[in-house]
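First the structure, in the form of structure tokens, and then the observations on it.
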Amino acid sequence: MPASTVRKRSRSRITGATALAACASLMLAACGSTKDTASASGGGTGRVGVILPLLTSPFWQSYNDYVPKMAKSEGVQVLKTVNSNSDPSQQITDIDNELTQGVKGLVVAPLDSAAIQAGLDQAERKGVPVVAVDVAPDKGKVAMVVRADNVAYGEKACDYLGQHIGSGKVVQIMGDLASVNGRDRSEAFRSCVKKKYPTLKVLEIPAKWESDTAAAKLDTLLNANPDIKGIYLQAGGVYLAPTLQTLKSKHLLKPAGQKGHIAIVSNDGIPQEFDAIRKGEIDATVSQPADAYAKYGLYYIKAAMAGKTFKPGKTDHGSVIVRLPSGILEDQLPAPLVTKANVDDPKLWGNTVG
């Protein structure tokens, strides 16, 4: 709340049966596999640094808690996680510090899709592979981006509000537009409304993943537009609490089904959002997989340290690897819409954390 594929030694030509045997025995993705068995083939040893974007969001707190658990299950030796505290410049310093400690791999959640290139270049010069989690870089080399389809986030929010409101004013409280996540969600929501629900009028709050900014700007907007019918929160981890508090202070927080209820769709899938859905305070959220981000971030860095590469295609863990316009590969993990109908599903990670 976003470094290169390990450089291989000069390739010697392997012919016929030798190549087939190598592929069959090791299940290397370079031989065309996108299967989960890559993580079980051994190799990929060495310490790994894990860099977080922030820890003020319950989503990232959960991700942080999952890291040591998933490191154990994936057989990866991780250093203590580092928090960049919402500062893109600090994140570059954090990468440099981890490299100085001699890590053999990095798992980074970039704060700024453009600024992160400086850190990725540092890692590439040292031959250290990087896996990006949650946010894709605009430039720079990474072994894999582990991320859900953020365009789908905006579209799911648009469809829910469009189908349940019909017409009127809706607000999207946007993330940092320096992040590809903020851009993808904002543009997807905006475009979907324009194309499918033209009777909705979109008002926008650029909030940069900052709860105080979201609260202040929503308060001002509601003063001028007391007839708002829907709100899209691009990050429930930082926007849920201030949004509910602002609505409550203006006597606009009414439960679903009651006249005057403002429909709210969020993103993250944290326990607090699930509780809000059960209470009728919000209507839906998109469950961004904090557990799978930790698991597959470490899975891919282990593979990269072992010299393995991947290609586009379906995986064994219910996702699809796609090639981004930049040429980078991205494993797009599932992110289901959660409503009152399925909020108690025990398979949702938000129902498994204390």
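For Leu222, what charge total do you get from the other residues with a beta carbon under 13 Å from its beta carbon, if Lys and Arg give +1 and Asp and Glu give -1?
+3
Once the cut-off is 26 Å, how many percent of the Cα-Cα pairs in the stretch 195-354 end up in the long-distance tail?
41 percent
Only helical DSSP H runs with n ≥ 4 go in: add -39500 (n - 2.57) per run for the chain, normalise by residue count and round the 222 nm mean residue ellipticity to 500 deg cm²/dmol.
Taken over the chain, the calculation gives -12500 deg cm²/dmol.
Rounded to whole Å, give me the distance from the Cα center of the stretch 91-147 to that of the stretch 303-354.
20 Å
List the aspartates and glutamates whose Cα lies under 18 Å from the Cα of Lys72, skipping any in the same chain that are fewer than 8 positions away.
Straight-line reach from Lys72, under 18 Å: Asp36, Asp291.
Between Lys279 and Asn351, what's the calculated FRET efficiency when r is the beta-carbon distance and R0 is 25 Å? Round to 0.05.
Once the sixth-power term is evaluated, E becomes 0.95.
Accessible area, 1.4 Å probe, largest first: how do His317, His164, His251 sort?
His251, His164, His317
When only alpha-carbon atoms count, how far does the stretch 104-203 stretch along each of its three principal axes, as whole angstroms with the largest first?
Result, largest extent first: 55, 18, 17 Å.
Normalised by the empirical 2.2 N^0.38 Å for globular proteins, what value does the Cα Rg of the stretch 69-126 take?
So the stretch 69-126 has a normalised radius of gyration of 1.15.
Based on the alpha-carbon set only, what is the convex hull volume of the stretch 125-174 divided per residue, in Å³?
Considering the Cα atoms of the stretch 125-174, their hull volume per residue is 87 Å³.
So, taking all protein chains as they sit and a 1.4 Å probe, how much accessible area belongs to Trp349, in Å² rounded to tens?
Taking all protein chains as shown, Trp349 has close to 10 Å².
Which entry in [x] 1.14; [y] 1.04; [z] 1.55 matches Cα Rg over 2.2 N^0.38 Å derived from the coordinates of this structure?
Given [x] 1.14; [y] 1.04; [z] 1.55, the structure-derived one carries the label [y].
Return the loop-located trypsin sites (Lys or Arg not before Pro) in the stretch 47-105 (DSSP other than H, G, I, E, B) with at most 15 other Cβ atoms within 10 Å of their own Cβ; answer none if there are none.
Lys80
Quote to one decimal, in nm, the extra length available between Lys208 and Asp227 on full extension: 0.36 nm per residue of separation minus the C-alpha distance between them.
Taking 0.36 nm per residue and subtracting the Cα distance, the gain is 4.4 nm.
Note down, for the stretch 302-354, the three equivalent ellipsoid semi-axes (square root of 5 times each alpha carbon gyration tensor eigenvalue), biggest first, whole angstrom.
Values for the stretch 302-354, descending: 30, 15, 9 Å.
Return the lysines within reach of Lys69: Cα separation strictly under 23 angstrom, same-chain partners fewer than 8 residues apart disregarded; answer none if there are no such residues.
Straight-line reach from Lys69, under 23 Å: Lys35, Lys80, Lys104, Lys295, Lys302, Lys347.
The values are calculated or read from the model by the stated rules, or taken from the named source; none is laboratory data. Only a predicted model underlies this, so the values are computations on that prediction, with no experimental measurement involved. Every residue, glycine among them, receives a Cβ derived from its backbone with ideal geometry; neighbour counts consider all protein chains shown. Areas reflect the complete protein model, heavy atoms only, side chains present, ligands, DNA and RNA absent. Shrake-Rupley method; radii C 1.70, N 1.55, O 1.52, S 1.80 Å.
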